[in-house]
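Let me begin by presenting the structure, written as structure tokens, before commenting on it.
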Amino acid sequence: MKLYTTPMAPNPERVMCVMREKSITDIEIVNVDLFKGEHKSKEYRQTSPFAQVPALELDDGRVLTESKAICMYLEGLYPEPNLFGKTPEETAFIEMWDRRVEFMWLMPLAMWLRHGHPGFAVLEKQIAENAPRGEKGFRWFAKRLDAELSGRDFIAGERFTIADITAFVSVGFARVAKWKPNAEETPNLLAWRDRMLARPCGSK
Ligand SMILES: N[C@@H](CCC(=O)N[C@@H](CS)C(=O)NCC(=O)O)C(=O)O
């Protein structure tokens, strides 16, 4: 299999984190340079019709896109360690948190950066008022998540899951906005981030 990816970009990084946690090393990595517009080429669009990364080309030539779908596929192929839940209840609670983190944290962050950071003008027709809306949503959810983490070590419960991965790639992407968890405002998030950095997911 072949994974089309881009270093530092949050959605591909979600898949790369799953690969590191599951010690998956037999997938060929192909880097696509978004800032050079390689993903918009006619050739790449034949692989990924929406011109996005990540994209996983299967051995039979079919292509799977959408980071979460790729992560779920890898979970099926490499079940250990389990990241998506072992019982209906656990799976549902993990999914609840993963969706919250993706939609209420990663997406506002993407809006903040894509509309507010000059480096992203090549990818986005920037609308200035979207940046503060995204920033506000991102900062609000950071505080909300910090409060949740005062009572547990991981985003979705008592163990590391895909929800931690989605949150961890969000924190990585937030560095571009010069945002980091800090001891004054988000101490629990800071401690959680340090736990993530000590895992395979955090090692590059
Ligand atoms: N929902 C998709 C989103 C994929 C996505 O937005 N990828 C970004 C990189 S993180 C991309 O390829 N952007 C290209 C562009 O904006 O032109 C997923 O989860 O894979």
**Prompt:** What relative contact order, as a whole-number percentage, does the chain give when Cα pairs under 8 Å and 6 or more residues apart are counted?
**Reply:** 21 percent
**Message:** Please arrange Met96, Met1, Met196 by how many other C-beta atoms lie within 10 Å of their C-beta, fewest to most.
**Reply:** Met96, Met1, Met196
**Request:** Set the Förster radius R0 to 45 Å, insert the Cβ-Cβ distance between Ala51 and Asn182 as r into 1/(1 + (r/R0)^6), and round the FRET efficiency to 0.05.
**Result:** 0.80
**Asked** Tell me, what is the FRET efficiency for Thr91 and Met8 to the nearest 0.05, using R0 = 30 angstrom and their Cβ-Cβ distance as r?
**Response** 0.50
**Kirkwood-Stokes translational diffusion coefficient of the range 1-108, alpha-carbon pairs, 37 °C, 0.692 mPa s, µm²/s** = 223 µm²/s
**Asked** Relative to a virtual label point 7 Å from the Cα of Arg199 in the Cα→beta-carbon direction, which members of the range 82-109 show backbone nitrogen distances below 18 Å?
**Response** 82-87, 90-103, 105-106
**Message:** Report the gain in length on full extension from Leu77 to Leu123: 0.36 nm times residue separation, minus Cα-Cα distance, nm rounded to one decimal.
**Reply:** 13.2 nm
**Request:** Can you spot the aspartates and glutamates whose alpha carbon is less than 12 Å from Lys204's alpha carbon? Ignore those fewer than 8 places along the same chain.
**Result:** Glu13, Glu21
**Prompt:** FRET efficiency for Glu38 and Asp153, Cβ-Cβ distance as r, R0 = 45 Å, nearest 0.05?
**Reply:** 0.70
**Request:** Would you mind checking Lys125/Lys178; Lys2/Lys178; Lys2/Lys22; Lys86/Lys143; Lys143/Lys178; Lys22/Lys180 for any pair whose Cα atoms are more than 24 angstrom apart?
**Result:** Lys2/Lys178; Lys86/Lys143; Lys22/Lys180
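Output the peptides 153-166, 17-30 sorted from most to least packed, where packing is the average of other Cβ atoms within 10 Å over each peptide's residues.
On the way: 153-166: 21.3, 17-30: 15.6.
Ranked by mean Cβ neighbours within 10 Å, highest first: 153-166, 17-30.
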**Prompt:** Rounded to a whole number of µm²/s, how large is the Stokes-Einstein D of the chain at 10 °C and 1.306 mPa s, given Rh as the Kirkwood radius over C-alpha pairs?
**Reply:** 90 µm²/s
**Asked** Could you put Thr91, Thr6 in order, starting from the residue whose Cβ has the fewest other Cβ atoms within 10 Å?
**Response** Thr91, Thr6
**Request:** Using the number of other C-beta atoms within 10 angstrom as an exposure proxy, rank Lys68, Lys180 with the fewest first.
**Result:** Lys180, Lys68
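FYI, it's all coordinate maths here, none of it is from the lab. Keep in mind it's a predicted model, so treat the numbers as computed, not measured. Neighbour counts are summed over all protein chains in view; Cβ atoms, including those assigned to glycine, are modelled from backbone coordinates with ideal geometry.
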